[in-house]
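Please treat every number below as a calculation from the coordinates, not as lab data. Please read these numbers as outputs of a predicted model, since none were measured by experiment. We place every Cβ from the backbone using ideal geometry, glycine too, and count neighbours over all the protein chains shown.
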Amino acid sequence: MIDRPIQSPEILMNNTDIERVLLRMSHEILEQKDHLNDLAFVGIKTRGEYLAHRFVSLVKGMGVRADFGTLDITLYRDDFDTLGDLTVGETDLLFDVAGKRIILVDDVLHSGRTIRAALDQIIDFGRPAKIELACLVDRGGRELPITANYVGQTYQISSDEYIQVRLSEVDGEDQVIGFSKDHRGAKGHKYFSHSRKDLNN
């Protein structure tokens with residue numbers, strides 16, 4: 001765990017770090033032996049989708065087959081009515097969630113509101129045996145009683161600091177970058193490509 005001010009912009013994890021923690025998290029997931037025959041990884045779009053796909057590939061290399069799905073939680077957000085026009089993406093759960101052990105995957109865990117929305121959406125598809133949460137980064141600042149079962153790295157940072165996860169599938173590189181509370185400078189940085197609402201929910 002890192003508990004100190006962020007030097008903006010600061011590379012907190014590089015591609016080797018990310019590769020290492022995803023492998024470690026995959027082992028931790030498989031160490032929980034229950035429902036290994038009914039395992040599914042469901043990624044929250046956008047970057048959770050790509051992390052979930054990597055988990056599927058990693059556990060396959062360890063001899064375990066897992067289903068794969070994606071969620072767009074836009075319609076389930078608790079602030080949906082206040083956001084104006086939004087683009088709603090596709091949700092793809094092409095398997096029966098009933099009885100599954102679902103690993104819900106996101107890039108950054110912050111308030112917990114995104115995860116709450118994702119849980120509601122999954123339950124609308126059926127009744128899994130259990131749902132667990134895997135996040136590459138936990139940055140603290142919870143507003144709901146939600147805790148990840150599997151975490152890549154934890155950073156205790158202030159509410160006006162930001163963490164951005166960049167993945168090669170969508171950003172061209174694997175990095176976790178921190179920005180200080182002076183986010184005006186961060187927004188001018190070449191890596192700061194998300195709006196505030198997209199970051200750290």
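Lysine pairs in the chain with alpha-carbon atoms under 19 Å apart, 8 or more places apart or on different chains: how many are there?
Pairs that pass both the separation and distance tests number 9.
So for each of 153-160, 98-105 I average, over its residues, the number of other beta carbons within 10 Å; can you give me the resulting order with the highest mean first? List each step's numbers first, then the result.
Details: 153-160: 15.6, 98-105: 22.5.
Packing order, densest peptide first, comes out as 98-105, 153-160.
Which ³J(HN,Hα) values in Hz, rounded to whole numbers, follow from the phi angles of the stretch 48-62 under the Karplus curve 6.51 cos²θ - 1.76 cosθ + 1.60, where θ = phi - 60° and Gly and Pro get x?
x, 4, 6, 5, 4, 5, 5, 4, 4, 5, 5, 6, 4, x, 9
Quick one: length gained pulling Glu28 to Asn15 fully straight, 0.36 nm per residue minus the C-alpha distance?
Numbers: separation 13, 0.36 × 13 = 4.68 nm, distance 2.00 nm.
Length difference between fully extended and current span is 2.7 nm.
Per-residue counts of other Cβ atoms within 10 Å, averaged by peptide: what ranking do you get for 32-40, 52-60, 114-122, highest first? Show your work: numbers first, answer last.
On the way: 32-40: 14.9, 52-60: 19.3, 114-122: 21.0.
The densest-packed peptide leads the list: 114-122, 52-60, 32-40.
Just from its helices, what would the mean residue ellipticity at 222 nm be for the chain, if runs of 4 or more DSSP H residues each count -39500 (n - 2.57) and the sum is divided by every residue, rounded to the nearest 500 deg cm²/dmol?
On the way: 5 runs with 54 residues, N = 201.
Taking each H run of at least 4 residues, the total per residue is -8000 deg cm²/dmol.
Once each part is reduced to its C-alpha centroid, what is the distance from the stretch 1-78 to the stretch 95-164 in angstrom?
When both Cα centres are located, 10 Å separates them.
In the P(r) worked out for the chain, what percent of Cα pairs fall beyond 21 Å?
Working: 10256 of 20100 pairs.
That tail contains 51 percent of the Cα-Cα pairs.
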